[in-house]
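> Dropping a structure here in structure tokens format, bear with me for questions.
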Amino acid sequence: MVWVPLSPTSSDRRAPLRAPSTTTMSLEWLMDWSWSLDGLRDFIATGIQSFRDCDATALVAVACLLVLFVWYCYHVGREQPRAYATVNALMQSAEANGVQNGFVYCHSPECVRCSHHDGLNQKLYHNLQEYAKRYSWSGMGRIHKGIREQGRYLNSRPSIQKPEVFFLPDLPTTPYFSRDAQKHDVELLERNFQTILCEFETLYKAFSNCSLPQGWKMNSTPSGQWFTFYLVNQGMCVPRNCRRCPRTYRLLGSLRTCIGNNVFGNACISVLSPGTVIAEHYGPTNIRIRCHLGLKTPSNCELVVGGEPQCWAEGRCLLFDDSFLHTAFHEGAPEEGPRVVFMVDLWHPNVAAAERQALDFIFAPGR
């Protein structure tokens, strides 16, 4: 005996069936699908009729509201949080005067200190991995630790020492270093004192002809004037300036610990006119020590690093860690002339050779 389904009513469809056949399920599905198509057709027809019944004024109003809504969404999406905008405005006003956090910024997109881009630690770690693949992970423990926990190190440092870009952990900490820290390079610079001084004096004669000769940079200061003449700027040679100081530039190649291949390496002549004060600031890293060879050192000139004052001396090198809070000033009389030093960045004596090679790779200019 074959069971033949009758035409189902709505109540029949809801009732449970003991053994529904495939034919029954297909018929029910087709009837539901037919009903859905009818409903969709009625809905579309109703929408079209409603649209036809609207007059032009209503359509224009709806269109305007839609455009305003889209514009509002776009504007809100681009708008920065209020607190960030306020801080950013303050930073921009400080940068307009050339100073941010006490340091004179150059506004260059290539500058490691001016381009505070997001994801710096990820970029550094990627560079470290690339270096390790080419060479070795051996001796990279301290650098790896520093990059991995950079945020914690920079935020937890005492206010007396806060490098702005990179902190390498477990380095001895002191504002000043003895001459023996980099004895070879210190003695070499001091033996060539007259050579460097003569080339500076030739350069400085140009100041009598114009306010700021070619190759010199003026830095913003709270008072007075601070000029610099770079031979190496953030690891990049300045060819035009080097040609004007050929013997001094060749001397840099004879230094054993000069940082010349990464963005933390600089070499320049620094000039402070009488009455100049450099605002307190921190250097970018603790992996280097900064060497000042005194070329002209009038009275009442001082360098203060970590709260400890020191005076320059002509023909002598002064070594310090510029990741400490530091400042310099020249309070001598105008007739005494400017304070002049030759500044060069040397490796911290406790950064191992393998670490220096890796750091040169990680912080290579333009990387």
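> Carbon and sulfur: what percent of the stretch 164-291's accessible surface (1.4 Å probe)?
The nonpolar share, carbon plus sulfur, comes to 49 percent.
> Using the heavy atoms of the protein chains and a 1.4 angstrom probe, tell me the accessible area per residue for the stretch 179-352 in square angstrom.
So the stretch 179-352 comes to 41 Å² accessible per residue, rounded to a whole number.
> Under a cut-off of 24 Å between alpha-carbon atoms, report the lysines in cross-link reach of K183, not counting same-chain residues fewer than 8 places apart.
The reachable lysines, counting only those whose Cα sits under 24 Å from K183, are K296.
> Still on this structure, I have one more. What do you reckon, how do T297, T257 stack up by accessible area (1.4 Å probe), largest on top?
Descending accessible area places them as T297, T257.
> Now, a different point. Please say if the stretch 296-367 is rounded, prolate or oblate, where rounded means a/c under 1.5 for a ≥ b ≥ c the square roots of the C-alpha gyration tensor eigenvalues, and otherwise the choice is prolate for a/b larger than b/c and oblate otherwise?
Cα axes put the stretch 296-367 in the prolate bin.
> Would you list which lysines come within 19 Å of K145, measuring only between C-alpha atoms, while excluding same-chain residues fewer than 8 positions from it?
Partners within reach: K123, K133, K162.
> Let me ask you something else. From the square roots a ≥ b ≥ c of the eigenvalues of the alpha-carbon gyration tensor of the stretch 257-309, which class results: rounded (a/c under 1.5), prolate (a/b over b/c), or oblate?
Judged from the Cα gyration tensor, the stretch 257-309 comes out prolate (a/c at least 1.5, a/b above b/c).
> Quote the FRET efficiency, to the nearest 0.05, computed for L66 versus K205 with a Förster distance R0 of 56 Å and r equal to the Cβ-Cβ distance.
The value I calculate is 0.20.
> Starting from a Cα-only point model with no solvent, please compute log10 I(q)/I(0) by Debye for the stretch 172-288 at q = 0.11, 0.13, 0.20 1/Å.
With no solvent term, the Cα-only Debye profile gives -0.43, -0.60, -1.37.
> Taking 0.36 nm per intervening residue step and subtracting the Cα-Cα distance, what contour gain separates E149 from R256 on full extension?
35.5 nm
The values are calculated or read from the model by the stated rules, or taken from the named source; none is laboratory data. None of the values given here were measured: they were computed from a predicted structure. Methodologically, a virtual Cβ is constructed for each residue, glycine included, from the backbone with ideal geometry; neighbour enumeration extends over all protein chains shown. Note: accessible area is taken over every heavy atom of the protein model, side chains too, but ligands, DNA and RNA are not part of it. Shrake-Rupley method; radii C 1.70, N 1.55, O 1.52, S 1.80 Å.
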